[in-house]
Amino acid sequence: MIRHATLSDTARAIELLRASHQAAGFGGAGCFAFPFLESYAERLFVQHVEMMNGCALVHDVGGVAQGILLAVAHEHPFGPVWLASETLWWIDPAHRGRPAFAMLDCYEAWAREKRCAYAGMAGMGDDPVIARLYERRGYVRAETHFLKAV
């Protein structure tokens, strides 16, 4: 079941955020490496639960969050159009499959409720599996970001 997260999901959300961080390789020696800090993960989750234009969804399996999608709705800085931007999306590998589609359905419905003209999803690197998923859902590549350690 996909539902809106509550503050009672905080401890589990931190665990999911940690797993996402590890899977993305952010803790390694790559060009975009940074430590996982529980206090930052907690702050990120709570902000999305509490902010007026925040979205925090969880994939609930038997009362335990096994997936999380965080997003924000905001006006684009170049003009009067609202966007929904995903901050983080992670589903425990043992609970993937159809729940991914259900989470995207809920995210897109939330974006429409917020009167967003577009909903955006991000992918780390060039993962062809996630790219195909997004493209099948009607998402198109809009920008590519490059990072350099300075």
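Each reported figure results from applying straightforward, stated rules to the coordinates on display, with no laboratory input. Note that the structure is predicted; figures quoted are calculated from it, not measured. Neighbour counts run over all protein chains shown; Cβ positions are idealised from the backbone, glycine included.
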Legend entry - Of S39, S85, S20, the one that fluctuates the most in a GNM where the chain has Cα springs shorter than 10 Å: S39
Legend entry - Within the chain, helix-based [θ] at 222 nm, where runs of 4 or more DSSP H residues each add -39,500 (n - 2.57), nearest 500: -11000 deg cm²/dmol
Inset, instruction - Multiply the residue gap between A23 and L7 by 0.36 nm, knock off their C-alpha separation, and tell me the result in nm, one decimal place. - result: 3.3 nm
Inset, instruction - Using DSSP to define loop residues, name the trypsin sites (Lys or Arg not before Pro) in the range 108-150 whose beta-carbon has at most 13 other beta-carbon atoms within 10 Å. - result: R115, R141, K148
Inset, instruction - Find which of F34, A13, I91 sits farthest along the positive direction of the dipole of the chain, computed with +1 on the beta-carbon of Lys and Arg, -1 on that of Asp and Glu, about the Cα centre. - result: I91
Inset, instruction - Report, by chain and number, residues whose modeled amide H sits under 5 Å from the one on I2, excluding near sequence neighbours (fewer than 5 apart, same chain). - result: D60
Legend entry - Residue-wise HN-Hα coupling along the range 8-16, computed from phi with Karplus coefficients 6.51, -1.76, 1.60 (Hz; x: Gly, Pro): 5, 8, 4, 4, 5, 4, 4, 4, 5
Legend entry - For the range 133-146, 3J(HN,Hα) per residue [Karplus equation, 6.51 cos²θ - 1.76 cosθ + 1.60, θ = phi - 60°, Hz, x = Gly/Pro]: 4, 4, 5, 4, 7, x, 6, 10, 5, 10, 8, 10, 9, 10
Legend entry - FRET efficiency for E135 and E42, using Cβ-Cβ distance with R0 set to 25 Å, rounded to 0.05: 0.15
Legend entry - V81 versus Y118: modelled label distance in nm, points set 7 Å from Cα along the beta carbon direction: 0.5
Legend entry - Calculated SAXS-style log₁₀ I(q)/I(0) at q = 0.18, 0.19, 0.26 Å⁻¹ - the range 27-105, Debye, Cα scatterers: -0.92, -0.98, -1.20
Inset, instruction - Using a 10 Å Cβ count of at most 10 others and DSSP loop calls, identify the longest part of the chain lacking such chymotrypsin sites (Phe, Trp or Tyr not before Pro). - result: 1-77
Inset, instruction - Return the long-range amide H neighbours of C116 (sequence gap of 5 or more, or a different chain), with a cut-off of under 5 Å between placed amide H atoms. - result: none
Legend entry - Cα convex hull of the chain, projected area averaged across orientations, nm²: 9.6
Legend entry - With eigenvalues of the C-alpha gyration tensor scaled by 5 and rooted, the range 61-150, Å: 23, 18, 13
